[in-house]
Amino acid sequence: MASRGSRPKPQSIPLSLEGIQQNQRVWLVKLPKYLSQQWSEASGSGEVGKLQIAKNQGKSEISFILNKELTDIRGTDGQPAPVVAPREHQLVLQGVRGQVLTALTERAPDQLSLEGTVVHRGECRPALSENYMRLKRRQIEESSKPARTVQKLEKVVTTNYKPVANHQYNIEYEKKKKENGKRVKADKDQVLTLLFAAFEKHQYYNIKDLVGITMQPVVYLKEILNEIGVRNVKGPHKNTWELKAEYRYYLAAAKSE
């Protein structure tokens with residue numbers, strides 16, 4: 001029996017250093033949510049696609065092609081979805097800027113392995129296409145479905161329910177908000193989904209309205225907006241944001257279908 005005030009000793013987990021000892025270099029790449037889900041459906045061989053590296057005016061252009069058998073997407077009900085996962089993706093890499101990062105994997109329960117040193121960080125971006133915009137539209141529709149629905153009770157409820165002044169999830173949310181500040185960064189895909197849904201309703205928004213819609217920090221939100229939108233600096237819509245022409249085109253095409 002432990003004495004009062006004593007703390008249990010942390011459990012030690014064996015760590016393999018094979019990757020570091022072999023001086024392996026790895027890339028740390030952020031994937032879209034749908035792509036990581038498709039990768040989990042890979043067969044026993046584990047092959048999910050191919051990398052292509054080409055030279056363009058002295059610069060390397062890296063692309064990833066998803067295997068065709070992994071493009072089928074299933075809905076939450078397990079049925080095939082009316083869209084497929086994009087196959088072509090672009091890898092945008094950057095250096096680690098003096099940071100020392102390593103890749104750690106869990107090969108088996110209670111067995112960790114240090115795979116190597118991270119030499120590049122990057123992001124895997126799908127190529128713009130009508131199919132990708134249909135996929136984003138489907139994600140918007142899925143996210144807009146209510147998590148709770150009204151059900152008609154056929155029998156009288158005899159269980160006594162005690163009113164609660166404040167539910168536990170509200171208490172946890174307020175606690176997290178105080179710890180992390182007023183706004184917490186969400187996943188980039190979630191923010192894009194909210195932005196595309198907003199721009200389907202109106203063409204122009206000021207930054208204050210977009211902050212209210214996405215509940216994201218202004219600096220983080222502007223980083224995402226600079227990728228998909230433009231800021232009007234003059235004219236009747238001065239100081240408002242709108243989608244870039246290519247995104248407006250694909251949204252209109254997906255909506256007409």
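The values are calculated or read from the model by the stated rules, or taken from the named source; none is laboratory data. Keep in mind the model is a prediction, meaning the values are calculated, not measured. Heavy atoms of the whole protein, side chains included, go into the accessibility calculation; ligands, DNA and RNA do not. Shrake-Rupley method; radii C 1.70, N 1.55, O 1.52, S 1.80 Å.
With all protein chains present, how much of the accessible area of segment 203-243 (probe radius 1.4 Å) comes from carbon and sulfur, to the nearest whole percent?
Percent of accessible area from carbon and sulfur atoms in segment 203-243: 55.
Amide H to amide H, which residues 5 or more places from Ile73 or on other chains are under 5 Å from it, using H placed in the peptide plane?
Counting only residues 5 or more places away or on other chains, the set is Ala81, Ala85.
From the protein chains alone at 1.4 Å, what is the descending order of accessible area for Glu115, Glu172, largest first?
Glu172, Glu115
Taking amide H atoms as placed 1.01 Å from N in the peptide plane, list the residues 5 or more away in sequence, or in a different chain, whose amide H sits under 5 Å from that of Gln90.
Under 5 Å from the amide H of Gln90: Phe64, Arg125, Ala127.
Any idea of Ile62's accessible area? Nearest 10 Å², probe 1.4 Å.
20 Å²
Would you rank Trp39, Trp241 by solvent-accessible area, highest first, keeping every protein chain in place and using a 1.4 Å probe?
Trp39, Trp241
Could you give each residue of segment 61-68 its phi-based ³J(HN,Hα) in whole Hz, using Karplus coefficients 6.51, -1.76, 1.60 with θ = phi - 60°, and x for Gly or Pro?
Ordered by residue, 3J(HN,Hα) equals 10, 10, 10, 10, 10, 6, 4, 4 Hz.
May I ask you to give the solvent-accessible area per residue for segment 114-156, in square angstrom, as obtained with a 1.4 angstrom probe?
For segment 114-156, the per-residue accessible area is 70 Å².
How large is the Kirkwood hydrodynamic radius of segment 28-94, in angstrom, based on all distinct alpha carbon pairs?
Averaging 1/r across every pair of different Cα atoms and inverting gives 13.4 Å.
At 1.4 Å probe size, put Glu130, Glu69 in order of accessible surface, largest to smallest.
Glu69, Glu130
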